[in-house]
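Worksheet for the structure shown next.
The values are calculated or read from the model by the stated rules, or taken from the named source; none is laboratory data. In this text the structure is predicted, and so the values were computed from the model without any measurement. Here Cβ is always computed from backbone atoms with ideal geometry, including for glycine, and neighbour counts include all displayed protein chains.
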(Lines give C-alpha, C1' and ligand atoms only; values in the text may rest on other atoms or scores of the structure.)
Protein backbone atom coordinates (compact mmCIF):
# COMPACT_ATOMS: atom_id res chain seq x y z
CA UNK A 1 0.00 0.00 0.00
CA UNK A 2 1.24 3.49 -0.71
CA UNK A 3 2.03 5.40 2.45
CA UNK A 4 -0.87 7.59 3.50
CA UNK A 5 -0.97 10.89 1.73
CA UNK A 6 -1.06 12.69 5.03
CA UNK A 7 2.69 12.23 5.38
CA UNK A 8 3.31 14.39 2.35
CA UNK A 9 0.45 16.83 2.56
CA UNK A 10 0.31 19.68 5.00
CA UNK A 11 -3.37 20.64 4.66
CA UNK A 12 -6.27 19.23 6.66
CA UNK A 13 -7.20 15.79 5.40
CA UNK A 14 -10.31 13.75 6.14
CA UNK A 15 -10.44 10.21 4.80
CA UNK A 16 -13.67 8.65 3.68
CA UNK A 17 -14.89 5.16 3.00
CA UNK A 18 -18.41 4.37 1.91
CA UNK A 19 -19.48 4.19 5.55
CA UNK A 20 -17.79 7.31 6.87
CA UNK A 21 -20.83 8.66 8.64
CA UNK A 22 -19.25 11.21 10.92
CA UNK A 23 -17.13 12.98 8.30
CA UNK A 24 -20.07 13.21 5.93
CA UNK A 25 -22.44 14.47 8.63
CA UNK A 26 -20.03 17.28 9.40
CA UNK A 27 -19.69 18.11 5.71
CA UNK A 28 -23.46 18.08 5.27
CA UNK A 29 -23.88 20.43 8.21
CA UNK A 30 -21.07 22.74 7.07
CA UNK A 31 -19.11 22.07 10.24
CA UNK A 32 -15.92 21.02 8.49
CA UNK A 33 -14.12 21.87 5.29
CA UNK A 34 -11.00 19.73 4.84
CA UNK A 35 -8.41 20.59 2.21
CA UNK A 36 -8.52 17.07 0.79
CA UNK A 37 -10.95 14.17 0.97
CA UNK A 38 -9.18 10.98 -0.18
CA UNK A 39 -11.40 7.97 -0.85
CA UNK A 40 -10.03 4.84 0.81
CA UNK A 41 -12.48 2.59 -1.00
CA UNK A 42 -10.07 2.82 -3.94
CA UNK A 43 -7.22 1.21 -1.98
CA UNK A 44 -7.41 -2.39 -3.06
CA UNK A 45 -5.25 -3.75 -0.22
CA UNK A 46 -7.75 -2.58 2.35
CA UNK A 47 -10.38 -4.81 0.83
CA UNK A 48 -8.41 -8.00 1.49
CA UNK A 49 -9.44 -10.34 4.27
CA UNK A 50 -8.26 -13.71 5.45
CA UNK A 51 -8.60 -16.20 8.26
CA UNK A 52 -5.40 -17.88 9.44
CA UNK A 53 -5.35 -20.17 12.44
CA UNK A 54 -7.43 -18.58 15.14
CA UNK A 55 -7.53 -15.05 13.79
CA UNK A 56 -9.44 -13.18 11.14
CA UNK A 57 -8.00 -10.10 9.49
CA UNK A 58 -9.75 -7.40 7.49
CA UNK A 59 -9.01 -3.84 6.54
CA UNK A 60 -12.30 -2.44 5.36
CA UNK A 61 -15.89 -2.54 6.55
CA UNK A 62 -16.98 -4.40 3.45
CA UNK A 63 -14.23 -6.98 3.99
CA UNK A 64 -15.48 -7.45 7.54
CA UNK A 65 -18.98 -7.87 6.17
CA UNK A 66 -17.67 -10.66 3.96
CA UNK A 67 -15.99 -12.35 6.90
CA UNK A 68 -19.14 -12.08 8.95
CA UNK A 69 -21.24 -13.39 6.09
CA UNK A 70 -19.11 -16.52 5.95
CA UNK A 71 -19.92 -17.38 9.54
CA UNK A 72 -16.33 -16.83 10.60
CA UNK A 73 -17.34 -14.21 13.13
CA UNK A 74 -20.87 -14.99 14.27
CA UNK A 75 -21.05 -12.22 16.85
CA UNK A 76 -19.88 -9.69 14.29
CA UNK A 77 -22.44 -11.00 11.85
CA UNK A 78 -25.08 -10.46 14.48
CA UNK A 79 -23.87 -6.92 15.11
CA UNK A 80 -23.71 -6.25 11.39
CA UNK A 81 -27.19 -7.41 10.69
CA UNK A 82 -29.04 -6.24 13.74
CA UNK A 83 -27.33 -3.20 15.20
CA UNK A 84 -26.70 -1.07 12.15
CA UNK A 85 -29.10 -0.39 9.35
CA UNK A 86 -28.05 -2.13 6.17
CA UNK A 87 -27.85 1.27 4.52
CA UNK A 88 -25.15 2.23 7.00
CA UNK A 89 -22.95 -0.59 5.83
CA UNK A 90 -23.52 -3.08 8.60
CA UNK A 91 -20.44 -3.27 10.76
CA UNK A 92 -19.49 0.31 10.17
CA UNK A 93 -15.78 -0.21 10.67
CA UNK A 94 -13.77 2.39 8.88
CA UNK A 95 -10.45 3.95 8.25
CA UNK A 96 -10.80 6.18 11.27
CA UNK A 97 -12.02 3.32 13.42
CA UNK A 98 -10.55 4.21 16.82
CA UNK A 99 -11.66 7.80 16.43
CA UNK A 100 -15.15 6.91 15.35
CA UNK A 101 -17.43 6.62 18.36
CA UNK A 102 -20.48 5.79 16.28
CA UNK A 103 -19.25 2.38 15.16
CA UNK A 104 -21.59 -0.50 15.85
CA UNK A 105 -19.00 -3.26 15.64
CA UNK A 106 -16.67 -1.47 17.98
CA UNK A 107 -17.87 -2.76 21.36
CA UNK A 108 -17.64 -6.26 20.04
CA UNK A 109 -14.11 -5.83 18.75
CA UNK A 110 -13.09 -4.20 22.00
CA UNK A 111 -14.51 -7.03 24.08
CA UNK A 112 -12.98 -9.66 21.79
CA UNK A 113 -9.48 -8.23 22.15
CA UNK A 114 -9.03 -7.14 18.54
CA UNK A 115 -5.66 -5.73 17.48
CA UNK A 116 -5.33 -2.81 15.10
CA UNK A 117 -2.58 -2.72 12.53
CA UNK A 118 -1.92 0.91 11.68
CA UNK A 119 0.41 2.44 9.12
CA UNK A 120 1.78 5.89 8.74
CA UNK A 121 4.20 7.39 6.25
CA UNK A 122 7.03 6.45 8.60
CA UNK A 123 6.08 3.09 10.07
CA UNK A 124 3.64 0.31 10.67
CA UNK A 125 2.52 -0.62 14.18
CA UNK A 126 0.12 -3.04 15.83
CA UNK A 127 -1.61 -2.26 19.07
CA UNK A 128 -4.60 -3.66 20.94
CA UNK A 129 -7.77 -1.73 20.22
CA UNK A 130 -8.24 -1.10 23.91
CA UNK A 131 -4.99 0.83 24.06
CA UNK A 132 -6.60 3.79 22.42
CA UNK A 133 -6.71 5.75 19.27
CA UNK A 134 -4.51 6.37 16.27
CA UNK A 135 -1.83 8.97 15.99
CA UNK A 136 -2.93 11.80 13.74
CA UNK A 137 -0.90 10.60 10.75
CA UNK A 138 -1.88 6.93 11.03
CA UNK A 139 -4.39 4.97 9.02
CA UNK A 140 -5.75 1.52 9.80
CA UNK A 141 -4.31 -1.15 7.56
CA UNK A 142 -6.21 -4.06 9.10
CA UNK A 143 -8.04 -5.21 12.19
CA UNK A 144 -7.10 -8.63 13.54
CA UNK A 145 -9.83 -10.39 15.45
CA UNK A 146 -9.55 -13.66 17.40
CA UNK A 147 -12.18 -16.09 16.18
CA UNK A 148 -14.00 -18.64 18.28
CA UNK A 149 -14.48 -16.39 21.31
CA UNK A 150 -17.92 -16.57 22.84
CA UNK A 151 -19.04 -12.99 22.76
CA UNK A 152 -22.50 -12.06 23.86
CA UNK A 153 -23.87 -9.29 21.74
CA UNK A 154 -22.89 -5.72 22.22
CA UNK A 155 -19.95 -5.66 24.56
CA UNK A 156 -19.75 -8.52 26.93
CA UNK A 157 -17.25 -11.36 26.68
CA UNK A 158 -16.98 -14.06 29.33
CA UNK A 159 -13.90 -16.16 29.78
CA UNK A 160 -15.51 -19.08 31.59
CA UNK A 161 -12.24 -20.76 32.56
CA UNK A 162 -10.45 -17.73 33.93
CA UNK A 163 -13.74 -16.26 35.17
CA UNK A 164 -12.88 -12.92 33.67
CA UNK A 165 -15.32 -10.49 32.10
CA UNK A 166 -14.45 -8.01 29.38
CA UNK A 167 -16.73 -5.25 28.21
CA UNK A 168 -16.76 -2.84 25.31
CA UNK A 169 -18.75 0.33 24.98
CA UNK A 170 -19.08 1.91 21.60
CA UNK A 171 -20.85 5.00 20.32
CA UNK A 172 -20.88 6.60 23.77
CA UNK A 173 -17.54 8.32 24.14
CA UNK A 174 -14.81 10.01 22.16
CA UNK A 175 -13.15 6.58 21.80
CA UNK A 176 -14.39 3.07 22.57
CA UNK A 177 -14.37 2.36 26.28
CA UNK A 178 -14.26 -0.61 28.59
CA UNK A 179 -16.61 -0.57 31.59
CA UNK A 180 -14.02 -1.90 34.03
CA UNK A 181 -15.85 -1.26 37.30
CA UNK A 182 -18.97 -2.89 35.84
CA UNK A 183 -16.96 -5.91 34.71
CA UNK A 184 -15.36 -6.36 38.15
CA UNK A 185 -18.75 -6.03 39.82
CA UNK A 186 -20.33 -8.57 37.52
CA UNK A 187 -17.48 -11.05 37.91
CA UNK A 188 -18.16 -11.02 41.65
CA UNK A 189 -21.96 -11.16 41.40
CA UNK A 190 -22.35 -13.69 38.61
CA UNK A 191 -23.16 -17.32 39.34
CA UNK A 192 -20.50 -18.78 37.02
CA UNK A 193 -22.22 -22.15 36.96
CA UNK A 194 -25.56 -21.00 35.63
CA UNK A 195 -24.55 -17.52 34.40
CA UNK A 196 -27.44 -16.18 36.42
CA UNK A 197 -27.35 -12.86 38.19
CA UNK A 198 -29.86 -11.34 40.59
CA UNK A 199 -32.21 -8.65 39.36
CA UNK A 200 -30.72 -6.11 41.73
CA UNK A 201 -27.19 -6.94 40.59
CA UNK A 202 -28.24 -6.72 36.94
CA UNK A 203 -29.71 -3.28 37.56
CA UNK A 204 -26.52 -2.19 39.31
CA UNK A 205 -24.45 -3.56 36.42
CA UNK A 206 -26.53 -1.47 34.00
CA UNK A 207 -25.90 1.66 36.07
CA UNK A 208 -22.15 0.98 36.21
CA UNK A 209 -21.96 0.46 32.45
CA UNK A 210 -23.87 3.70 31.88
CA UNK A 211 -21.52 5.49 34.28
CA UNK A 212 -18.48 4.34 32.30
CA UNK A 213 -19.77 6.05 29.17
CA UNK A 214 -18.55 9.47 28.14
CA UNK A 215 -21.09 10.60 25.57
CA UNK A 216 -19.81 13.17 23.15
CA UNK A 217 -21.84 16.27 22.55
CA UNK A 218 -22.44 16.80 18.87
CA UNK A 219 -24.88 16.98 16.03
CA UNK A 220 -25.99 13.40 16.54
CA UNK A 221 -27.30 14.07 20.04
CA UNK A 222 -25.74 12.48 23.14
CA UNK A 223 -28.53 12.62 25.69
CA UNK A 224 -30.02 9.18 25.33
CA UNK A 225 -26.81 7.22 25.15
CA UNK A 226 -26.23 6.53 28.84
CA UNK A 227 -29.77 5.29 29.28
CA UNK A 228 -29.53 3.19 26.11
CA UNK A 229 -26.34 1.59 27.39
CA UNK A 230 -27.96 0.75 30.71
CA UNK A 231 -30.76 -1.04 28.90
CA UNK A 232 -28.39 -2.82 26.53
CA UNK A 233 -26.14 -3.98 29.35
CA UNK A 234 -29.02 -5.49 31.31
CA UNK A 235 -30.38 -7.11 28.17
CA UNK A 236 -26.97 -8.62 27.41
CA UNK A 237 -27.04 -10.37 30.79
CA UNK A 238 -30.23 -12.10 29.72
CA UNK A 239 -28.65 -13.10 26.43
CA UNK A 240 -25.53 -14.66 27.95
CA UNK A 241 -27.74 -16.76 30.17
CA UNK A 242 -29.81 -18.05 27.26
CA UNK A 243 -26.61 -18.73 25.28
CA UNK A 244 -24.98 -20.67 28.14
CA UNK B 1 -9.50 21.49 -1.77
CA UNK B 2 -10.77 24.23 -4.07
CA UNK B 3 -14.43 25.06 -4.40
CA UNK B 4 -14.28 24.46 -8.14
CA UNK B 5 -16.98 22.08 -9.34
CA UNK B 6 -16.18 18.47 -10.18
CA UNK B 7 -17.04 16.40 -13.20
CA UNK B 8 -18.84 13.26 -12.05
CA UNK B 9 -19.52 10.25 -14.25
CA UNK B 10 -21.69 7.41 -12.96
CA UNK B 11 -23.94 4.68 -14.20
CA UNK B 12 -27.34 5.67 -12.85
CA UNK B 13 -30.23 3.26 -13.22
CA UNK B 14 -28.38 1.47 -16.00
CA UNK B 15 -27.40 4.58 -17.98
CA UNK B 16 -24.01 6.25 -18.15
CA UNK B 17 -24.50 9.83 -16.96
CA UNK B 18 -22.19 12.81 -16.53
CA UNK B 19 -22.67 15.86 -14.34
CA UNK B 20 -20.45 18.91 -14.21
CA UNK B 21 -19.95 21.54 -11.55
CA UNK B 22 -20.72 19.20 -8.68
CA UNK B 23 -19.45 20.95 -5.52
CA UNK B 24 -16.43 19.12 -4.04
CA UNK B 25 -18.15 18.48 -0.70
CA UNK B 26 -21.50 17.48 -2.16
CA UNK B 27 -23.03 14.21 -1.01
CA UNK B 28 -24.17 11.61 -3.50
CA UNK B 29 -27.72 12.48 -2.45
CA UNK B 30 -27.27 16.10 -3.37
CA UNK B 31 -25.59 15.19 -6.69
CA UNK B 32 -28.46 12.85 -7.60
CA UNK B 33 -31.12 15.42 -6.76
CA UNK B 34 -29.44 18.61 -7.95
CA UNK B 35 -27.28 17.45 -10.86
CA UNK B 36 -28.83 14.26 -12.21
CA UNK B 37 -32.47 15.34 -11.90
CA UNK B 38 -33.43 12.37 -9.71
CA UNK B 39 -35.39 13.67 -6.71
CA UNK B 40 -36.67 10.23 -5.63
CA UNK B 41 -34.11 9.80 -2.84
CA UNK B 42 -35.21 12.23 -0.16
CA UNK B 43 -33.19 14.70 1.84
CA UNK B 44 -34.35 14.53 5.44
CA UNK B 45 -31.90 14.12 8.32
CA UNK B 46 -28.59 14.31 6.41
CA UNK B 47 -26.97 12.17 9.11
CA UNK B 48 -27.83 8.63 8.17
CA UNK B 49 -30.58 8.21 10.74
CA UNK B 50 -33.77 8.16 8.68
CA UNK B 51 -33.01 6.07 5.58
CA UNK B 52 -35.05 8.34 3.28
CA UNK B 53 -32.07 8.80 0.97
CA UNK B 54 -31.28 5.07 0.52
CA UNK B 55 -29.91 4.09 -2.89
CA UNK B 56 -27.85 1.12 -4.08
CA UNK B 57 -24.16 1.76 -4.72
CA UNK B 58 -22.74 -1.15 -6.70
CA UNK B 59 -25.73 -3.16 -5.49
CA UNK B 60 -25.28 -2.39 -1.78
CA UNK B 61 -27.76 -0.14 0.03
CA UNK B 62 -26.21 3.07 1.32
CA UNK B 63 -27.48 6.28 2.82
CA UNK B 64 -26.61 8.56 -0.08
CA UNK B 65 -26.29 11.49 2.32
CA UNK B 66 -23.28 9.71 3.86
CA UNK B 67 -21.45 9.06 0.60
CA UNK B 68 -19.35 11.85 -0.90
CA UNK B 69 -20.37 12.40 -4.51
CA UNK B 70 -16.80 11.83 -5.66
CA UNK B 71 -16.79 8.37 -4.08
CA UNK B 72 -19.41 7.28 -6.57
CA UNK B 73 -17.27 8.20 -9.59
CA UNK B 74 -17.32 5.36 -12.10
CA UNK B 75 -19.65 3.27 -9.95
CA UNK B 76 -23.16 2.00 -10.43
CA UNK B 77 -26.01 3.72 -8.63
CA UNK B 78 -29.61 2.57 -8.51
CA UNK B 79 -32.24 4.95 -7.19
CA UNK B 80 -35.92 4.41 -6.52
CA UNK B 81 -36.58 5.73 -10.03
CA UNK B 82 -34.78 2.61 -11.29
CA UNK B 83 -37.09 0.11 -9.57
CA UNK B 84 -39.85 0.39 -12.15
CA UNK B 85 -39.25 -0.38 -15.81
CA UNK B 86 -41.22 -0.31 -19.08
CA UNK B 87 -43.32 -3.20 -17.78
CA UNK B 88 -44.52 -1.03 -14.89
CA UNK B 89 -44.04 -0.88 -11.16
CA UNK B 90 -41.88 -3.46 -9.45
CA UNK B 91 -43.34 -6.14 -7.21
CA UNK B 92 -42.24 -4.22 -4.11
CA UNK B 93 -43.84 -1.01 -5.36
CA UNK B 94 -47.08 -2.81 -6.22
CA UNK B 95 -47.12 -4.37 -2.77
CA UNK B 96 -46.83 -0.93 -1.16
CA UNK B 97 -49.70 0.38 -3.24
CA UNK B 98 -51.87 -2.65 -2.52
CA UNK B 99 -51.21 -2.55 1.23
CA UNK B 100 -51.72 1.21 1.46
CA UNK B 101 -48.28 1.46 3.03
CA UNK B 102 -47.96 5.14 2.19
CA UNK B 103 -49.24 8.23 3.90
CA UNK B 104 -47.26 11.41 3.29
CA UNK B 105 -44.87 9.38 1.13
CA UNK B 106 -41.66 11.13 2.11
CA UNK B 107 -40.04 8.00 3.56
CA UNK B 108 -41.46 5.67 0.92
CA UNK B 109 -38.53 5.69 -1.54
CA UNK B 110 -36.16 4.66 1.25
CA UNK B 111 -38.50 1.89 2.39
CA UNK B 112 -38.85 0.61 -1.16
CA UNK B 113 -35.09 0.33 -1.49
CA UNK B 114 -34.75 -1.37 1.91
CA UNK B 115 -37.44 -3.90 1.02
CA UNK B 116 -35.90 -4.47 -2.40
CA UNK B 117 -32.63 -5.25 -0.61
CA UNK B 118 -34.37 -7.57 1.84
CA UNK B 119 -36.01 -9.29 -1.09
CA UNK B 120 -32.64 -9.99 -2.72
CA UNK B 121 -31.12 -11.15 0.56
CA UNK B 122 -34.09 -13.39 1.33
CA UNK B 123 -33.07 -15.44 -1.72
CA UNK B 124 -36.38 -17.08 -2.35
CA UNK B 125 -37.36 -17.46 1.27
CA UNK B 126 -40.92 -16.36 1.86
CA UNK B 127 -42.42 -14.36 4.65
CA UNK B 128 -43.56 -17.68 6.05
CA UNK B 129 -40.03 -18.77 6.88
CA UNK B 130 -38.52 -15.32 7.14
CA UNK B 131 -38.47 -14.39 10.77
CA UNK B 132 -40.69 -11.44 11.60
CA UNK B 133 -37.85 -9.89 13.56
CA UNK B 134 -35.63 -10.20 10.51
CA UNK B 135 -38.14 -8.13 8.58
CA UNK B 136 -38.29 -5.51 11.31
CA UNK B 137 -34.49 -5.37 11.50
CA UNK B 138 -34.30 -4.91 7.74
CA UNK B 139 -36.51 -1.85 8.11
CA UNK B 140 -34.80 -0.56 11.26
CA UNK B 141 -32.83 2.05 9.33
CA UNK B 142 -35.93 3.65 7.85
CA UNK B 143 -38.06 6.03 9.87
CA UNK B 144 -41.71 6.79 9.16
CA UNK B 145 -43.66 9.39 11.13
CA UNK B 146 -47.09 8.50 9.70
CA UNK B 147 -47.88 4.86 9.17
CA UNK B 148 -46.88 3.21 12.42
CA UNK B 149 -45.08 0.66 10.22
CA UNK B 150 -47.84 -1.97 10.30
CA UNK B 151 -48.95 -1.29 6.72
CA UNK B 152 -45.34 -1.25 5.61
CA UNK B 153 -44.81 -4.68 7.15
CA UNK B 154 -48.00 -5.86 5.44
CA UNK B 155 -46.45 -4.71 2.17
CA UNK B 156 -43.26 -6.64 2.89
CA UNK B 157 -45.32 -9.74 3.56
CA UNK B 158 -47.11 -9.26 0.24
CA UNK B 159 -43.86 -8.64 -1.64
CA UNK B 160 -42.28 -11.79 -0.24
CA UNK B 161 -45.28 -14.03 -0.45
CA UNK B 162 -44.44 -15.34 -3.92
CA UNK B 163 -40.90 -16.71 -3.80
CA UNK B 164 -41.14 -17.96 -7.34
CA UNK B 165 -41.65 -14.52 -8.81
CA UNK B 166 -38.82 -13.81 -11.24
CA UNK B 167 -35.94 -12.14 -9.44
CA UNK B 168 -34.54 -9.77 -11.96
CA UNK B 169 -31.28 -7.96 -11.19
CA UNK B 170 -31.36 -4.89 -8.98
CA UNK B 171 -32.46 -2.00 -11.08
CA UNK B 172 -35.08 -4.01 -12.89
CA UNK B 173 -38.47 -4.75 -11.40
CA UNK B 174 -38.15 -6.32 -8.00
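In the stretch B:53-80, the qualifying residues are those that are more than 10 Å from chain A (Cβ to nearest Cβ) and part of a loop (DSSP other than H, G, I, E, B), and the one that is surrounded by the fewest Cβ atoms within 10 Å (Cβ to Cβ) is B:59.
Annotation note: of B:32, B:83, B:89, the sole residue that is buried (at least 21 other Cβ atoms within 10 Å of the Cβ) and either touching a residue at least 60 places away in the same chain (Cβ under 8 Å) or within 9 Å of another protein chain (Cβ to nearest Cβ) (or both) is B:83. Please indicate, with yes or no, whether at least one residue in the stretch B:41-48 is more than 12 Å from every other protein chain (Cβ to nearest Cβ) and either surrounded by fewer than 24 Cβ atoms within 10 Å (Cβ to Cβ) or part of a loop (DSSP other than H, G, I, E, B) (or both). Scanning the stretch B:41-48, I find at least one residue that is more than 12 Å from every other protein chain (Cβ to nearest Cβ) and either surrounded by fewer than 24 Cβ atoms within 10 Å (Cβ to Cβ) or part of a loop (DSSP other than H, G, I, E, B) (or both), so the answer is yes. Out of the residues in the stretch A:34-44 meeting the condition of being touching a helix residue (DSSP H, G or I) at 6+ places or on another chain (Cβ under 9 Å), at the interface with chain B (Cβ under 7 Å from one of its Cβ atoms) and surrounded by fewer than 19 Cβ atoms within 10 Å (Cβ to Cβ), tell me which one is farthest from residue B:70 (Cα to Cα). So, considering only residues that are touching a helix residue (DSSP H, G or I) at 6+ places or on another chain (Cβ under 9 Å), at the interface with chain B (Cβ under 7 Å from one of its Cβ atoms) and surrounded by fewer than 19 Cβ atoms within 10 Å (Cβ to Cβ), the one farthest from residue B:70 (Cα to Cα) is A:34. Among the residues of the stretch B:81-94, count how many are under 17 Å from residue B:54 (Cβ atoms), assigned to a helix (DSSP H, G or I) and in contact with a helix residue (DSSP H, G or I) (Cβ under 8 Å, 6 or more places away or on another chain). The total comes to 2.
On the given criteria, is residue B:13 more than 10 Å from chain A (Cβ to nearest Cβ), modelled with pLDDT of 90 or more and either closer than 29 Å to residue B:138 by Cβ or out of contact with any strand residue (DSSP E or B) (no Cβ under 8 Å at 6 or more places or on another chain) (or both)? So residue B:13 passes the test. All conditions but one from (1) more than 9 Å from chain A (Cβ to nearest Cβ); (2) modelled with pLDDT of 95 or more; (3) more than 15 Å from residue A:28 (Cβ to Cβ) apply to residue B:21; the one that does not is (2).
Only one of the numbered conditions (1) farther than 28 Å from residue B:139 by Cβ; (2) more than 9 Å from chain A (Cβ to nearest Cβ); (3) in contact with a helix residue (DSSP H, G or I) (Cβ under 8 Å, 6 or more places away or on another chain) is violated by residue B:98, and that is (1).
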